[in-house]
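Report on one structure; see the data block that follows.
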Amino acid sequence: MRRVLPALLLLFVVAVYFLFFFPLRNPHPRLVFPEGTLAVRDVRIYIAPDSDPIDHGTVLVRTGVIVAVGQNIAIPQDTQIIECPHCTVTAGFWNSHVHFTQPKWDNAAFKSASTLNAQLADMLTSRGFTTVVDLSSDIRQTVSLRRRVETGDLRGPGIYAAGSGLFPPHGIPYYLADLPFFIRWQLPQPETPEAAAKIEETNIARGADVLKLFTGSLISRKEVLPMPVDIARAAVEVAHRHGQLAFAHESNLAGTKVAIDSGVDVLAHAPSEPAGVDTALLQSIINHHMSMEPTLKMFATTVTRDPAFLQPIYAIVRQFHQLGGDLMFGTDVGYMEDYSTADEFRALAESGLNYRDILRMLTVAPATRFGVMARRGTITSGKMADLVVLDADPASDVTAFSQVHFTIRNGRLIYERSR
C-alpha cells in the first residue's frame, strides 16, 4: 500500500496538470504566417464599406500581407491563384459575440485537428468569420483553440476571449439552470468590488482579452437582476487598466444604466426589454462612446418569433443607427445552435441598415473598436490578408453576406466551400 499511494498521488498530479494547466500554456502565441504568394483574381472588390467596388480586380498577398489591390495586377509565377468568376471580395468578417460552450469544444487541447477544423468551419469560417470574440466560455477551451489556430495547427479565426463572465450576486441566469451544479458553483458572482477586481485580474492572467459582465441578468423569464454599479465599475477599471474592452449583457433599462455608469464599452445585445429605452438613453449610450451588437436572430431563435416581442427591439436598433450609434456584428452562436447568418442580415435590413452599414458592422467597426485598424478591417496594401469571397454582391441582396465561397485569414485559405 505504501508503494501504491505515491503512484496514485503522482497520477492525480499529472491528471490535474493536463486538465487544468496544460490547456492554458502559451495563451497568446506568436502568429505563424504562410510562406509564398496568393492572388484572388478577377473579382469585384469592396476595399472598404464606403468605397466604390473595383470590378475585375485582383488582391495580391505575400506572406500573409496584402501587397497590391486593383486592376491589371502582375501576378508572380508560383502564386496560388483563387478564381471565382462573378464573385465579390470584402475584408474578413468579425463576429463579436460567440461562445465555445457546447460539449463538442471540450478538451480542445487534445482533439484531432480534423475534428476541430470541421467544427470551426460549421460554426464560423464557412460564415466568413476571420476574427471572433468569445464572450464567456471555459477559457481552457478557448485558449487551446486560439493557440492551435495561431500556430497553424487549425484552420480557424483569430479569437479574443473573455474567460469567465461575471454575474450579479445570486444572479446566474435562469437559462443556465441545467448546468451541472459543480459548473454553476464555479460561475463568478462577486459580492464586493474587491472580489470583482480580483476575478478579472485572474481572467486576464489566464489569457482573457476582454471582460464580459451581466449588468442585467435574466434570473427568470420576467425578472432582470441588475449588477451593483460599484461591482461592475471595479471589474471595468481592471479591464481598462490592461487596455481591454468591457462588454455587457444588459437586458433592460436598469442593466443598460449600470453598463453606462460603470464605463462598459460594448452592449453585447440590443436591450430585449425595451420599456424605458428611449431616445435620451440611446443618445447617452452614444455620448459615452459605447457600441451595440443587435443579435436579432438570437432573440427570434431562442425566445420567440412573435412580432410583438421582436419589433420593439428592431425599433431600438433602427433608432440607435439613425442617431449615429456604432453597431458591431454578433450572433451569439455557441449559445444559439443555429449557425446560419442569413436571418441576421435580413433582420438588420428590416431594422433600416443597408449593405454598406452591415459591411461596416462586419469589418471596420470592430477593427476600430479593438484598435487594430492599422492591420485589419479593409483591403489595403500593408494590412493582413483577411478576406471573404462571396458568391454574389450584397449590394443587390444583403443575404449575399451569408453566401461564402472562400475565407482567407492572414493569407491562409481557412475555408473553401465544397463544390
Next on the checklist: Quick check of the Kirkwood formula: for the stretch 222-341, what is the inverse mean of 1/r over all pairs of different Cα atoms, in Å?
Outcome noted: 14.7 Å
Checklist outcome for this item: Mean accessible area per residue over the stretch 185-275 (1.4 angstrom probe, all protein chains present, square angstrom) is 40 Å²
Checklist entry - Which of 365, 418, 316 sits farthest toward the positive end of the charge dipole of the stretch 303-419, with +1 on the Cβ of Lys and Arg and -1 on the Cβ of Asp and Glu? => result 365
Next on the checklist: Given the stretch 218-274, report the % of alpha carbon pairs whose separation exceeds 15 Å.
Outcome noted: 44 percent
Next on the checklist: Antiparallel versus total DSSP beta bridges in the stretch 265-419: what percent is that, nearest 5?
Outcome noted: 60 percent
Next on the checklist: Please give the charge dipole size of the chain, origin at the Cα centre, charges +1 on K and R Cβ atoms and -1 on D and E Cβ atoms. Round to the nearest 20 debye.
Outcome noted: 1360 debye
Checklist outcome for this item: Over the stretch 331-382, the quotient of the Cα radius of gyration and 2.2 N^0.38 Å is 1.34
Item to check | Whole-number D in µm² s⁻¹ for the stretch 123-215, Kirkwood Cα-pair radius fed into Stokes-Einstein, 37 °C, 0.692 mPa s | outcome: 229 µm²/s
Checklist outcome for this item: the chain: longest segment with zero exposed GluC sites (Glu not before Pro), where exposed means DSSP loop plus at most 16 other C-beta atoms within 10 Å, is residues 36-190
Checklist outcome for this item: For residue 97, other-chain or 5+-apart residues with amide H closer than 5 Å (H placed, Pro excluded) are 133, 331, 332
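What is the dipole size for the stretch 143-237, taken about its Cα centre, with +1 at each Lys and Arg Cβ and -1 at each Asp and Glu Cβ, in debye to the nearest 20?
Taking the Cα centre of the stretch 143-237 as origin, the dipole is about 380 debye.
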Checklist entry - Given the rule -39500 (n - 2.57) for each run of at least 4 DSSP H residues, summed and divided by the residues of the chain, what is its mean residue ellipticity at 222 nm, to the nearest 500 deg cm²/dmol? => result -9000 deg cm²/dmol
Next on the checklist: Give the separation of the Cα centroids, the stretch 398-419 to the stretch 62-89, in Å.
Outcome noted: 15 Å
Item to check | For the stretch 25-84, convex hull volume per residue from C-alpha positions, Å³ | outcome: 116 Å³
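Could you work out the Kirkwood radius for the chain, taking every pair of different alpha carbons, averaging 1/r and inverting it, reported in Å?
Answer for the chain: a Kirkwood hydrodynamic radius of 22.2 Å.
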Next on the checklist: Can you tell me what percent of all Cα-Cα pairs in the stretch 343-409 are more than 15 Å apart?
Outcome noted: 56 percent
Checklist entry - Rounded to the nearest 10 Å², what accessible area does residue 198 show when all protein chains are kept and the probe is 1.4 Å? => result 150 Å²
Item to check | Low-density loop positions, chymotrypsin sites (Phe, Trp or Tyr not before Pro), the stretch 120-227 - DSSP coil, at most 16 other Cβ in 10 Å | outcome: 185
Checklist entry - Under unit Cβ charges (Lys, Arg +1; Asp, Glu -1), what dipole magnitude, rounded to 20 debye, does the stretch 263-419 have relative to its Cα centre? => result 660 debye
Item to check | Protein accessible area in the chain, 1.4 Å probe - carbon and sulfur % | outcome: 55 percent
Item to check | Charge tally in the Cβ shell below 12 Å around residue 159, where Lys, Arg are +1 and Asp, Glu are -1, residue 159 excluded | outcome: +1
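The values are calculated or read from the model by the stated rules, or taken from the named source; none is laboratory data. Bear in mind that the values here come from a model prediction, so they are computed numbers and not experimental data. Methodologically, a virtual Cβ is constructed for each residue, glycine included, from the backbone with ideal geometry; neighbour enumeration extends over all protein chains shown. Surface areas here come from the heavy atoms of the whole protein model, side chains and all, with no ligands, DNA or RNA. Shrake-Rupley method; radii C 1.70, N 1.55, O 1.52, S 1.80 Å.
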